[in-house]
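Chemist: Input: one structure, supplied below.
A short reminder: the numbers here are calculations on the coordinates, not readings from a lab. The model shown is predicted, which means the values in this text are computed figures rather than measured ones. Because the Cβ atoms are built from the backbone with ideal geometry, glycine has one as well, and the counts that use them run over all protein chains shown.
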Amino acid sequence: MSLTLVVDQLQVFGTDSRTLLSIDQLTVQGGSCVGIAGPSGAGKSTLLFALAGLAEHATGQIRWNDYNLLEAGSSQRGEFRRQHVGQVFQDILLFEELSALQNVQLSKGFTPRSNRLAIDQRAQTLLMDLGIRDYHRPVRSYSGGERQRVAVARALASDPDIILADEPTASLDRATADELVNDLLTVVRDTGKSLFVVSHDEQLLAHMDRIVRLVDGREIGADQFPEADEYGRDIIHCDDTSSAALDD
């Protein structure tokens, strides 16, 4: 399923009621690859958390098709993530003692029994497609690039409609990062998934269909600020009124 994202009058608040992130309007068609860029503290990870339904203190609307995450309860948002969202974490978060295959198969523990065989089969195919062929070894024996590929395969194993990735190339050398990006984009585009990537990596961002650039100050929509980067893509400037954003 292709899910179109509509963000409207989004406000994300910290536990002290300070505004962490403010976005007036953002629409992304399903199947798009979107980069989320900006300096440290600009609210990039806050936006990613919000898109996953993990922002507990937020107002406005985050709609995936007709489903408004901010109107849903905690358990409903969890079910939405289980059905539709795959996440690639900045810290990778693999289980060191498990094999690559076992890490990728973990999502089957949160799915109906009828879907588990498909996840097992998809896990092997994804690892092979991402260049991990000896997938029975414990992940502690893998290089950084291989570990990140396992993390990508894990995010894709349940066949989600949306992939949210936080700095997937941050710990990789240039050649390894480029290989990972090419493989990830091939899988995502071949299957029509939506990809949202937080990154400082301009070479990664160069492959995106669109960039959402978060900067301090007021929100300026594309129609108000007709700016494009050197690749001809729109840059959407969004307001983050506090430096106290989640992580980044």
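Chemist: Give a residue-ordered list of calculated ³J(HN,Hα) values for the range 161-168 (Karplus: 6.51 cos²θ - 1.76 cosθ + 1.60, θ = phi - 60°; whole Hz; x for Gly, Pro).
Modeler: With coefficients 6.51, -1.76 and 1.60, one gets 7, 10, 10, 10, 10, 10, 6, x Hz.
Chemist: Residue 98 to residue 182: FRET efficiency via 1/(1 + (r/R0)^6), r the Cβ-Cβ distance, R0 22 Å, to the nearest 0.05? Intermediate results must be reported in sequence, preceding the final value.
Modeler: Numbers: r = 27 Å, r/R0 = 1.21.
After rounding, the FRET efficiency stands at 0.25.
Chemist: If you don't mind, another one. With the radius of gyration and the Kirkwood radius both derived from the Cα set of the range 1-116, what is their ratio Rg to Rh?
Modeler: Numbers: Rg = 15.9 Å, Rh = 16.0 Å.
So for the range 1-116, dividing Rg by the Kirkwood Rh gives 0.99.
Chemist: Can I ask one more? May I ask for the net charge around residue 70, where only other residues with Cβ less than 12 Å from the Cβ of residue 70 are counted and Lys, Arg are +1 while Asp, Glu are -1?
Modeler: Combined, the nearby Lys, Arg, Asp and Glu give -1.
Chemist: Could you list which residues have their amide H under 5 Å from that of residue 86, counting only those 5 or more apart in sequence or on another chain, with H placed in the peptide plane?
Modeler: Counting only residues 5 or more places away or on other chains, the set is 162, 163, 164.
Chemist: Restricting to the chain, what percent of DSSP beta bridges are antiparallel, rounded to 5?
Modeler: Values: 20 of 42 bridges.
Antiparallel bridges: around 50 percent, rounded to the nearest 5.
Chemist: Something else about it: In what order do 15, 59 fall by count of nearby beta-carbon atoms within 10 Å, going from fewest to most?
Modeler: Taking fewest neighbouring Cβ atoms as first place, the list is 15, 59.
Chemist: Taking θ = phi - 60°, what integer Hz values does the Karplus form 6.51 cos²θ - 1.76 cosθ + 1.60 yield along the range 118-135, in sequence order, with x for Gly and Pro?
Modeler: Calculated HN-Hα couplings, in order: 4, 5, 4, 5, 5, 4, 5, 5, 4, 4, 5, 4, 8, x, 9, 9, 8, 8 Hz.
Chemist: From zero outward in steps of 10 Å, how is the percent of C-alpha pairs of the range 88-176 spread across the bins?
Modeler: 19, 52, 26, 3, 0
Chemist: Ok, one more. Mind listing the long-range amide H neighbours of residue 25? Cut-off is under 5 Å, sequence gap 5 or more, other chains count too, H placed in the peptide plane at 1.01 Å from N.
Modeler: 9
Chemist: Kindly write out, for the range 48-61 in residue order, the coupling ³J(HN,Hα) from the Karplus curve 6.51 cos²θ - 1.76 cosθ + 1.60 (θ = phi - 60°), rounded to whole Hz, with x marking Gly and Pro.
Modeler: So the J values, rounded to whole Hz, are 4, 4, 5, 5, 8, x, 9, 8, 6, 10, 8, 10, x, 9.
Chemist: Please report the net charge: other residues with Cβ closer than 11 Å to the Cβ of residue 30, K and R +1, D and E -1.
Modeler: Values: positive: 193; negative: 161.
Around residue 30, the surrounding residues sum to 0.
Chemist: What is the Cα coordinate range of the chain on the first, second and third principal axes, sorted by size from largest, in whole angstrom?
Modeler: 51, 40, 32
Chemist: Let me ask something else about it. Amide H neighbours of residue 211 under 5 Å, counting only residues 5+ apart in sequence or on other chains, H built in-plane at 1.01 Å?
Modeler: Amide H neighbours of residue 211, under 5 Å, 5+ apart: 35, 234, 236.
Chemist: So what is the calculated 222 nm ellipticity per residue for the chain, using -39500 (n - 2.57) for each DSSP H run with n of 4 or more, over all residues, to the nearest 500 deg cm²/dmol?
Modeler: Details: 7 runs with 73 residues, N = 248.
Helices in the chain give a 222 nm mean residue ellipticity of -9000 deg cm²/dmol.
Chemist: Would you mind computing, in nm to one decimal, how far apart the modelled labels at residue 71 and residue 159 are, each placed 7 Å from Cα along Cα→Cβ?
Modeler: Taking the two extended label points, one gets 2.9 nm.
Chemist: List the relative contact order of the chain as a percent without decimals, with contacts defined as Cα pairs under 8 Å and 6+ residues apart. Kindly include the intermediate steps, with their values, before the conclusion.
Modeler: Numbers: 505 pairs, mean separation 75.0, N = 248.
Relative contact order, the chain: 30 percent.
Chemist: Work out the FRET efficiency for residue 202 and residue 91 from their Cβ-Cβ distance, taking R0 = 25 Å, and round it to the nearest 0.05. Let's see the in-between values first.
Modeler: Numbers: r = 22 Å, r/R0 = 0.88.
E(calc), rounded to 0.05, equals 0.70.
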